[in-house]
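The next block holds one structure in the form of C-alpha cells; read it before the comments.
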Amino acid sequence: MTPVFRFAPSPNGDLHLGHALSAILNHDMAREKNGRFLLRIEDIDPQRCRPEFEARIFEDLRWLDLSWEEPVRRQSEHVETYRDALDKLRGMGLVYPAFLSRAEVKRRVADLEAQGGDWPRDPDGTPLYPTEERELDPALAATRLKAGDRHLWRLNMDKAISRLGQERLTWLETGDAAPERIQANPALWGDVALWRWDAPSSYHLSVVVDDALQGVTHVVRGRDLYWSTPVHRLLQRLLDLPEPIYLHHRLLLDDNGQKLSKSLQSTGLRALREAGATPSDIRRRITL
C-alpha cells in the first residue's frame, strides 16, 4: 500500500512556524517513504475562513518549496458527504439534537462551582455538555427542529461506546520511540458535537471522513490533537472507516511556553519571509 500523508490547515489566518513544522514533516516523510503528499483546506467554518488566507497558504507552502497533488480538497465543497455520515449515525440512534446554548451551559457550570461542586471537563478543560437531552421526547425535539430552534447534533457517547461491545479501542502511535498501541478513551470528551447550526460538520466528523475518502494512511499532526484521537477512532469504527497510523509531533512554543497562535506575527511565515528569512532559515528555526 502506498503511504499517503496530508497537511490540512484552516484558512482563518496566516501560517506560522508550527504549521511549517507539520507541513514539512508530512511532506518529507511522504518523500522518504515514496508516498503521496496531499494538501487539504479545512474551510468548513464560514464565519472564520477567508479566501485571502487560503491564497496565502498556497503562497507560503510554495515558498517553503513544498509540492502536493492536485486537486486540493476543500471541505466546503463536500458538505453533503459529511451529512451522509451524520445520517448514518442518526440511523443507528447514536446522535441527538442539543438545544442548550453555550451561555446556558456556562451558567449551570458557574452555579454548581459556586456551590463547591465540580463540573466534569474534557482534556482541553472545557465543561462537558449536560446529558439530559439524550432522552428528550422525540415529538418535542421534532417540533423544535421544525420551528428552526438553534441546535447542534451531538454524539450520545454512552450509546456509541456500548455499540462497540467488548472491542478494545486503540490507536497506533509512532515517532522516535518504538510504535505503541495506545488505549483510546473517547468518554473523556462526553457528548461531542458533530454538526453545528452556524457551520456544517464539526472537525471531528469531517476529518475522519476526509482521511478515509482520501486514503490517508499516516496522520502526522501536532501534540495538541493527541487526545482528540480517541474520538476519531470511535467515529472510524462506527462508520466502518479504515484506521490510519498516527504520529503526534512536538509543538513549537512561544517565550511564555504557550502554543504558537496565528495572531503571533513574530512567528508568521509571511512576516518572516518579508523580513528576509529563507526556507532554509525556517527549517533551522524548527530544528529540521
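The values are calculated or read from the model by the stated rules, or taken from the named source; none is laboratory data. All figures in this text were calculated on a predicted structure; none of them were measured in a lab. We place every Cβ from the backbone using ideal geometry, glycine too, and count neighbours over all the protein chains shown.
Details
- Cross-chain or 6+ apart pairs with Cβ under 9 Å, region 243-262 first and among the hydroxyl-bearing types (Ser, Thr, Tyr), then part of a loop (DSSP other than H, G, I, E, B) and modelled with pLDDT of 70 or more: Tyr246/Thr174; Ser261/Gly13; Ser261/Asp254
- Residues of region 79-120 that turn out to be out of contact with any Ser or Thr (no Cβ under 9 Å at 6 or more places or on another chain) and among the polar types (S, T, N, Q), as a count: 2
- The number of residues in region 193-221 that are closer than 27 Å to Lys33 by Cβ, in contact with a strand residue (DSSP E or B) (Cβ under 6 Å, 6 or more places away or on another chain) and of a type in the set (A, V, I, L, M) comes to 3.
- Among residues of region 228-260, those that are at pLDDT 95 or above and touching a Gly at 6+ places or on another chain (Cβ under 7 Å), counted: 3
- Listed by position, the strands (runs of 3 or more DSSP E) contained in region 143-199 that have at least 1 residues being within 17 Å of the chain's Cα centre (by Cα), of a type outside the set (Gly, Ala, Ser) and modelled with pLDDT of 95 or more are 152-155, 170-173, 193-195.
- Unique residue being exposed (fewer than 11 other Cβ atoms within 10 Å of the Cβ), closer than 27 Å to Ser162 by Cβ and of a type in the set (A, V, I, L, M) when the list is Ala139, Ala114: Ala139
- With respect to the stated conditions, Asp281 is loosely packed, with under 15 Cβ neighbours inside 10 Å, at pLDDT 95 or above and within 19 Å of Leu21 (Cα to Cα).
- Scanning region 263-274 for residues that are outside any helix (DSSP H, G or I) and either at pLDDT below 65 or more than 22 Å from the chain's Cα centre (by Cα) (or both) gives Ser263, Leu264.
- All of Asn26, Asn34 fail the test of being polar (S, T, N, Q), outside any loop (DSSP other than H, G, I, E, B) and either over 22 Å from the mean Cα position of the chain (by Cα) or surrounded by 20 or more Cβ atoms within 10 Å (Cβ to Cβ) (or both), apart from Asn26.
- If the condition is being in a loop (DSSP other than H, G, I, E, B) and touching a residue at least 12 places away in the same chain (Cβ under 8 Å), then region 132-142 contributes only Leu136.
- Given (1) modelled with pLDDT of 95 or more; (2) under 30 Å from Arg150 (Cβ atoms), index of the condition Gly215 fails: (2)
- Close contacts from region 32-45, counting a first residue that is in contact (Cβ under 8 Å) with a residue 24 or more places away in the chain and more than 17 Å from Ser22 (Cβ to Cβ) and a second that is part of a strand (DSSP E or B) and not aliphatic (A, V, I, L, M), with Cβ to Cβ under 6 Å and a gap of 6+ residues or different chains, come to Asp43/Arg74; Ile44/Ser201.
- Test: residue in region 249-257 that is at positive phi, in contact with a helix residue (DSSP H, G or I) (Cβ under 9 Å, 6 or more places away or on another chain) and not acidic (Asp, Glu): no
- Here Leu61 fulfils each of the conditions (1) farther than 30 Å from His27 by Cα; (2) modelled with pLDDT of 95 or more apart from (1).
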